[in-house]
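Comments concern the structure below.
The values are calculated or read from the model by the stated rules, or taken from the named source; none is laboratory data. Predicted, not measured: the structure shown is a model, and the values here were computed from it. In this analysis, Cβ positions are derived from the backbone assuming ideal geometry, glycine residues included, and neighbour counts consider all displayed protein chains.
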Amino acid sequence: MSFDLVIFDCDGVLVDSEALACVVHADVLTAYGYAITAAQVHERFLGRSAREARAQVESEMGRVLPDEYTDSLRSTIDRVFGEQLQPVPGIDDVLAGLTQQKCVASSGTPTRIRSSLTTTKLIHHFGEHLYSALQVERGKPAPDLFLFAAAQMGVDPARCVVIEDSIHGVSGAVAAGMTVFGFHGGAHCGPSTAGALQATGAHLVFCDMRQLPALIEAGAPGARAFDPA
């Protein structure tokens, strides 16, 4: 089938941020009394909003994190991203060449999404079509954000393809009735990432963003175990 809208996750799909963010998140949580490693942050919170991750941490700690926690996390990420954040290789040319409508649906805050895309000089590809989990009741893995994005863009969910790198994102896109392509080319991805995305329901997986235009034109294959590496 053909698609009318391409919905991109931001972190790990447009910008190669997840490895950086996991280290920062782990360091700040540990400093506030919740000992955790970057690998554990990756496993437990990748693809989820900071709001939901914080709620889970506070539940496990049995206390509320202080107000300055959020400011500390935000300021540290701002500094690290400003110094080190890079776009996913090939994504600028891919976005420039797509003929379909496109938008972003991310678990990040609206400010974070815009900042990351501005830093990496990708913001002009999307204009105001940036949608955040803060705009819906439930973030990923619920389908709310993807359905909201499709509604804002005026496109039937069945005509949307979602590009995701996390199992929470894949779950949400599948629940929304959309086709989902699992991307495992980010710095945070490991040998098991492709299989995990497939097992969660990705219609195909790929590791080089420059392959995306051809994959979109080909549509979703019948089999899920496909990686055009």
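Taking segment 89-142 as the range and being modelled with pLDDT of 95 or more, basic (Lys, Arg) and either within 25 Å of GLU217 (Cβ to Cβ) or in contact with a Lys or Arg (Cβ under 7 Å, 6 or more places away or on another chain) (or both) as the test, only LYS102 passes. Checking the stated criteria, ALA214 turns out not to satisfy the condition of being under 30 Å from THR76 (Cβ atoms) and out of contact with any Cys (no Cβ under 7 Å at 6 or more places or on another chain). Can you name the residue in segment 124-133 that is in a helix (DSSP H, G or I) and either crowded, with 18+ Cβ neighbours inside 10 Å or of a type in the set (Gly, Ala, Ser) (or both) and, of all such residues, is nearest to the chain's Cα centre (by Cα)? By that ranking, first place goes to ALA133.
The residues listed here are ALA21, ALA31, ALA50, ALA38; of these, the one that is among the small types (Gly, Ala, Ser), more than 16 Å from the chain's Cα centre (by Cα) and surrounded by 15 or more Cβ atoms within 10 Å (Cβ to Cβ) is ALA38.
From the residues in segment 94-128 that are touching a residue at least 24 places away in the same chain (Cβ under 8 Å) and among the β-branched types (Val, Ile, Thr), which one is farthest from GLU52 (Cα to Cα)?
Top of the filtered list is VAL94.
The residues on offer are VAL28, VAL94, and the sole one that is out of contact with any strand residue (DSSP E or B) (no Cβ under 8 Å at 6 or more places or on another chain) and assigned by TED's automatic domain parsing to the domain that holds GLY186 is VAL94.
Considered as a group, the residues in segment 147-165 that are buried (at least 24 other Cβ atoms within 10 Å of the Cβ) and not small (Gly, Ala, Ser) include one that is farthest from LEU130 (Cα to Cα), and that residue is ASP165.
Take the residues of segment 1-11 that are under 20 Å from GLU128 (Cα atoms) and not aliphatic (A, V, I, L, M): which is surrounded by the most Cβ atoms within 10 Å (Cβ to Cβ)?
Selected residue: ASP9.
Picking from residues in segment 93-123 that are farther than 22 Å from PRO157 by Cβ and among the charged types (D, E, K, R), the one that is surrounded by the most Cβ atoms within 10 Å (Cβ to Cβ) is ARG112. Filtering segment 166-184 to residues that are in contact with a helix residue (DSSP H, G or I) (Cβ under 7 Å, 6 or more places away or on another chain), buried (at least 23 other Cβ atoms within 10 Å of the Cβ) and of a type outside the set (Phe, Trp, Tyr) leaves VAL170, GLY172, ALA173, ALA176, MET178, VAL180, GLY182, HIS184.
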